[in-house]
Amino acid sequence: MIENNMKTQLSTNTLWQDTPKHVLLHLLLLLPLPFFAQIAAVQDYEQAITTLIAQYAQARETQDTVLLKNILTKDIDQLVSTGEWRRGIGTAVKGMQRSSGNNPGTRTLTVEHIRLLTPASAIADARYVIEQTDGTQRRMWSTFITVMKNDEWKIAGIRNMLPANR
């Protein structure tokens, strides 16, 4: 019995002694790669969605219907702070143009939080401030439902909310 243990111990020691140390070092260095790849992926989708929402704000500000139609899904739905539903890209774009005309001012959307639901869908919450021409501010929240379509993030839903007065 002692003889078998010694053989096992010897063969294990020989295995580690014969294994080039650089191979072991490389294995140890490669272990964190999936972790860092995940961090990069998180930063990539967060940046892409933040950019998408900035494009939306720009398109609203400049009333760029071509850009809007490029960043919205065809079946988008939007619930605006007045309670109006806009369903489908045609209705949504017309409503956005009408709203921008009726509520002139500088629109600022600041993304506060993004939650990835699946690799192809996420929810982004943003502060939405309209600096009106008279100097007053209209402060709201917007939630964007985003989806990956043809390797590009698109806006599939928008919910605009006015904070309740307390």
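Just so it is clear, none of the values below were taken in a lab; they were calculated from the coordinates. Nothing here was measured: the structure is a model prediction, and the numbers come from that model. Here the Cβ is made from the backbone with ideal geometry for all residues, glycine too, and neighbour counts use every protein chain on show.
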Burial-style ranking of 78-86, 155-163, average other-beta-carbon count within 10 Å with highest first, yields 155-163, 78-86
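Can you put Y128, Y45 in order, fewest other beta carbons within 10 Å first? Mind dumping the intermediate values first?
Working: Y128 22, Y45 17.
Fewest-to-most Cβ neighbours within 10 Å comes out as Y45, Y128.
To make sure I understand, if each residue's beta carbon is the centre and we count other beta carbons within 10 Å, what order do E112, E131 fall in, fewest to most?
If I rank by nearby Cβ atoms, fewest first, I get E112, E131.
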P(r) of the range 32-161 over all Cα-Cα pairs, binned every 5 Å from zero, in whole percent: 2, 11, 20, 25, 19, 11, 6, 4, 2, 1, 0
For the range 32-161, please report how many Lys pairs fall under 12 Å Cα to Cα, leaving out neighbours fewer than 8 apart on the same chain. 4
Under the rule rounded for a/c under 1.5, else prolate if a/b exceeds b/c, else oblate, using alpha carbon gyration tensor axes a ≥ b ≥ c, the range 86-164 is classed as oblate
Estimate the FRET efficiency between T133 and T110 by the formula 1/(1 + (r/R0)^6), using the beta-carbon distance for r and 25 Å for R0, to the nearest 0.05. 0.75
